[in-house]
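Shown next, in structure tokens, is the structure this report addresses.
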Amino acid sequence: MCSAPRRTTVVVATTGTDNPKDLVMSAPTADRPATEFDTVSADATATSDSTETAPRLGLRKFRDELPLPKVIKIADTGDEHRTVSMRAKVGRHRFHRDLPETDVWAYEGQLPGPTIEVRRDTPATIDWVNDLFDSDGDPATLPYDVVRVPPSTTPTPTTRIAMTPGGRSVKLDPTGAADDSYPALAGTDDLTGATVVHLHGALTDGHNDGWSHNVTAPGGRTRVLYPNKQESATLWYHDHAMAVTRFNVYAGLAGFYLLRDANEASLKLPSGPYELPLMITDRNFETRVPKQPGEQRFTGRPIYKQAGIVAVDSDGEAVDTEIPVSGPFTLVNGKVWPTKKVTPRWYRLRIFNACSTRTLVLAVHNTTNESAPPSSPANNTDSAGFIPDRVTPMSVIGTDGGLLAAPAPVSTLEIGPAERYDVLIDFRSLAGQTLELRNEQGTFINAGPGEADATIMQFVIGKSAASDADWEPPVELNPDYRRYLHVGTDLQVGSQTIHSHEHFWVALIPPGPGGKGHPELWELRQLGSTEPSPGHDLIKVIDPRDATLPPAERKVLRFVPVAKLFDDANSIVFSEGSWAVWNILHLGGPPHPFHIHMTQFQMIERGQWDLAALGEEGWNADNGTTGVLPIPVDSAIDPVRQGMKDTYLIKPGEWVKLLGDFTGATGSFMYHCHILDHEDHTMMRPFVVLPKELMAFHGAHGSGHH
Ligand SMILES: [Cu+2]
């Protein structure tokens, strides 16, 4: 394709129940899917964005209708366990209609995997089958290349080069003539698919939870029981293999798991074609060796293109390492920048950030009269061109683990990796309009603000009013919701007072030598009052319970790390039925989406330190210590973050307390950062929940009873 594509307005015929009559939408001129041999050249720019700053190599927006994952309903069959087989297999997928088809690893070969729907209290058995074989019957190798952009020797930062569309491994270009090829990351060429599935957000025993070491090789299968004894929620399943989760998930191994219950049904929320699961993720795509200078063509395959850095390890040796991956192309349900025709009524969006690394700040913009939409936000919320067209029809009704007590209207919605929000959106007054769901924040690691394209997807709203246009969201959503609070030394859960609970302490440490340039997760132990302070690895905070006392009378709590790596000894063991507060201290570095398996939590406190003002008193990288960290400034916990959640985005300088009820399952579990590169490196740890009766015979015990 060589001529500049034009924006054309056409009338599209309607099909199905979702499509209003006389729907007007923007459509591209070409109507033929690309083939393996098509060229997408750099000058074939998109329809409406001549102001584009980062080239997209001609990949146009809104070419694909939003796909909806196939649904597998696990029926309510009484006490019979219904068994479903789910194969991880090599599938063929087209990420964009102008890209060639390519191999992916995906559940049932579909990207996203089929949406599993279950009723509360209906147990489900799933046979997770590893069928990742190639056409010769050999274990399949990773269906894309992993490359490392060496540290930049030019003024362009490495992170920005890594976010540039295209690139490939040098093995496709033996002459070395191409300037956008990069060395493959050692070992990734031979990587075959060892898999283990985690159902994220599920309450299930440890042996059903997808312990990362318990991988299954191609040809194997694992039978897993999910009790589904929890309220309706947006869960998701994904691969969790030790050290390679990032590669397996990027290959396509993720899908929705929707739990439904009677309360949810009683609310008469938008359903069927009006309930849209939106799995948002990002990719970069590989380009071929050019035949002519300047020509760039996509192969259709993704590429895992990481920014390289050189870190210094604890022995003072230089170590090549990488920054977590992020891609310039945003996908919803497996398609780049899709479009969705909707009717002017309420919709329910099950929004899920499936990116490995990117935090998104979602907002809906009216682009009906936008001739040249900004391709990227200059900075978060105050960019010119963003605020005026922002429309605010979003109302959050649920979080990771269930429905809120009442709808929470929002104008923007920050969502970190692995978080889910259940959102109602009101299109009623927007008939005939065109909206875009946009990300108002750049990627925080691989690109600064303004370096990632803002578009996520488009909604084209038809003109015919829906018959149920007078439906309004319920005022009350969830009678079972109880706010968790820490009052004095007790917990308050709704009207119930809980006198005993435990405290665990975890620090998120800035990138340093120990983690070979990666941030670290330290599991902490409180030093006894007579134990001497070590000269390194010491964290000091003022006892939060003393906050009302004069400074001189406040006790200082001292902590040392007992574990920094997954394979360090387990230190968290507590009994089933316990309530536990996890104190997370973020001492610098990127925000981390912090995920704890087994139960759902509420954020009960959120304090903020000004790390810049603290300087070395906050975190001294030379010896890994802090000064006595002051009482942090209390920050509000907005209604959305008061919901039941299993993943919290924790930001630099925050001290948050997450309270969870560890009832209903036992075994070994994991907690970790959900930036997949981080969890694969050092930021994941085990914990154990034992039946109460066993605790008396167990040598270890939890820390910090009070
Ligand atoms: Cu992290």
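The values are calculated or read from the model by the stated rules, or taken from the named source; none is laboratory data. Every value quoted in this text rests on a predicted model; they were computed, and no experiment measured them. Glycine gets a Cβ as well: all are built from the backbone with ideal geometry, and neighbour counts include every protein chain shown.
Going residue by residue through the range 645-657, is there one that turns out to be away from the ligand (no atom under 16 Å from the Cβ), in a strand (DSSP E or B) and hydrophobic (A, V, I, L, M, F, W, C)?
Yes, some residue in the range 645-657 is away from the ligand (no atom under 16 Å from the Cβ), in a strand (DSSP E or B) and hydrophobic (A, V, I, L, M, F, W, C).
Quick test for you: out of Gln608, Gln602, pick the one residue that is out of contact with any Leu (no Cβ under 9 Å at 6 or more places or on another chain) and under 30 Å from Pro639 (Cβ atoms). If you could, list the steps in order and put the result at the bottom.
Details: Gln602 fails: out of contact with any Leu (no Cβ under 9 Å at 6 or more places or on another chain).
Within the list Gln608, Gln602, the selection yields Gln608.
Sort through Ala307, Ala243, Ala233 and tell me the only one that's under 21 Å from His597 (Cβ atoms) and within 16 Å of the ligand (Cβ to nearest atom).
Values: Ala307 fails: under 21 Å from His597 (Cβ atoms); Ala233 fails: within 16 Å of the ligand (Cβ to nearest atom).
The match here is Ala243.
List every residue pair whose Cβ atoms lie under 7 Å apart, where the two residues are 6 or more positions apart in sequence or sit on different chains, the first residue falls within the range 586-606 and is in contact (Cβ under 8 Å) with a residue 24 or more places away in the chain, and the second residue, located anywhere, is hydroxyl-bearing (Ser, Thr, Tyr) and more than 14 Å from the ligand (Cβ to nearest atom).
Close Cβ pairs satisfying both conditions: Leu587/Thr626; Gln602/Tyr484; Ile604/Tyr484; Arg606/Ser635.
Within the range 273-295, is there a residue that is aromatic (Phe, Trp, Tyr), more than 16 Å from the ligand (Cβ to nearest atom) and not in a strand (DSSP E or B)? Working first, answer last.
So in the range 273-295, the residues aromatic (Phe, Trp, Tyr) come out as 274, 285.
Add one more test, that the residue is more than 16 Å from the ligand (Cβ to nearest atom), and what stays is 274, 285.
Right, trim to not in a strand (DSSP E or B) and you get 274.
Yes, the range 273-295 contains a residue that is aromatic (Phe, Trp, Tyr), more than 16 Å from the ligand (Cβ to nearest atom) and not in a strand (DSSP E or B).
Would you point out the residue of the range 506-534, among those that are free of Cβ contacts under 8 Å to residues at least 60 places away in the same chain, part of a loop (DSSP other than H, G, I, E, B) and not hydroxyl-bearing (Ser, Thr, Tyr), that is surrounded by the most Cβ atoms within 10 Å (Cβ to Cβ)?
Among them, the one singled out is Leu527.
Among the residues of the range 629-641, is there at least one that is assigned to a helix (DSSP H, G or I), free of Cβ contacts under 8 Å to residues at least 24 places away in the same chain and either within 16 Å of the ligand (Cβ to nearest atom) or out of contact with any Pro (no Cβ under 9 Å at 6 or more places or on another chain) (or both)?
The initial filter retains those residues of the range 629-641 that are assigned to a helix (DSSP H, G or I), namely 639-641.
Remaining after also requiring free of Cβ contacts under 8 Å to residues at least 24 places away in the same chain: none.
No.
Taking the criterion of being under 33 Å from the mean Cα position of the chain (by Cα), β-branched (Val, Ile, Thr), surrounded by 19 or more Cβ atoms within 10 Å (Cβ to Cβ) and within 16 Å of the ligand (Cβ to nearest atom), would at least one residue in the range 540-549 satisfy it?
The answer is no, given that none of the residues of the range 540-549 is under 33 Å from the mean Cα position of the chain (by Cα), β-branched (Val, Ile, Thr), surrounded by 19 or more Cβ atoms within 10 Å (Cβ to Cβ) and within 16 Å of the ligand (Cβ to nearest atom).
Table: residues versus (1) under 25 Å from Pro544 (Cα atoms); (2) within 14 Å of the ligand (Cβ to nearest atom).
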{"position": "Asn570", "(1), (2)": "no, no"}
{"position": "Ile584", "(1), (2)": "yes, yes"}
{"position": "Ala612", "(1), (2)": "yes, no"}
{"position": "Gly624", "(1), (2)": "yes, no"}
{"position": "Leu659", "(1), (2)": "yes, no"}
{"position": "Asp680", "(1), (2)": "no, yes"}
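Can you find a residue in the range 489-497 that is away from the ligand (no atom under 16 Å from the Cβ), at pLDDT 95 or above and under 26 Å from the mean Cα position of the chain (by Cα)?
no
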